[in-house]
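A.B. asks: The structure is given below, and queries will be raised subsequently.
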Amino acid sequence: MPRMFLNGTAMAGGADHHLVGGAPLVAATTTAPRYRFHAVGGRYPALEDVGAGGAAVQGEVYELTYDQLREVLLPGEPDGLELGVIELADGSGSLAMILRRSHVVPELTDITALASWRAYREQP
């Protein structure tokens, strides 16, 4: 089964966690330290692979069925994101939603220093 790194509203306790269904949590982890982390229009997070100069971003890895991925999770993703492969802290790879390079996205706020969607959302 494919593994999917989630770092936004579909994480445990988030508004879209129901989209994960009964998929098992494999790990609460971080990415490798090669990503910039953005809030897109203040509504959803986006990872951008920058290699050197990036940070480790917090998230959760779930084991999803292809049906869950294709028919439930992906259709709910915003236009500014696309499915990609990221590197996790342990060097393994995972599917994740990443910033779409060929798409004009609304306002990007760099939240890399927080490295957490939850921390961003909890700010006053």
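The values are calculated or read from the model by the stated rules, or taken from the named source; none is laboratory data. From a predicted model like this one, the values you see are computed outputs, not experimental measurements. Neighbour counts run over all protein chains shown; Cβ positions are idealised from the backbone, glycine included.
A.B. asks: Which of the residues spanning the range 79-115 are under 14 Å from Val61 (Cα atoms), polar (S, T, N, Q) and in a strand (DSSP E or B)?
C.D. replies: Result: Ser94, single match.
To keep it simple, each residue is scored yes or no on (1) closer than 14 Å to Gly84 by Cβ; (2) within 14 Å of the chain's Cα centre (by Cα).
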{"site": "Leu6", "(1), (2)": "yes, yes"}
{"site": "Asp16", "(1), (2)": "no, yes"}
{"site": "Val26", "(1), (2)": "no, no"}
{"site": "Thr30", "(1), (2)": "no, yes"}
{"site": "Gly41", "(1), (2)": "no, no"}
{"site": "Val50", "(1), (2)": "yes, no"}
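A.B. asks: Can you name the residue in the range 44-69 that is touching a residue at least 60 places away in the same chain (Cβ under 8 Å) and out of contact with any helix residue (DSSP H, G or I) (no Cβ under 8 Å at 6 or more places or on another chain) and is also nearest to Ala89 (Cα to Cα) among such residues? Give the derivation first.
C.D. replies: Of the residues in the range 44-69, the ones touching a residue at least 60 places away in the same chain (Cβ under 8 Å) are 45-46, 55, 58, 63-66, 69.
Subset that is out of contact with any helix residue (DSSP H, G or I) (no Cβ under 8 Å at 6 or more places or on another chain): 46, 55, 63, 65-66, 69.
Values: Ala46: 18, Ala55: 10, Glu63: 17, Thr65: 23, Tyr66: 24, Leu69: 23 Å.
Here the residue is Ala55.
A.B. asks: Still on this structure: Scan (1) among the hydroxyl-bearing types (Ser, Thr, Tyr); (2) modelled with pLDDT of 90 or more; (3) surrounded by fewer than 11 Cβ atoms within 10 Å (Cβ to Cβ) for the single condition Ser102 breaks and write down its number.
C.D. replies: (2)
A.B. asks: Restricted to the range 28-86, and to residues that are under 15 Å from Arg3 (Cβ atoms) and of a type in the set (S, T, N, Q), which residue is surrounded by the most Cβ atoms within 10 Å (Cβ to Cβ)?
C.D. replies: Thr31
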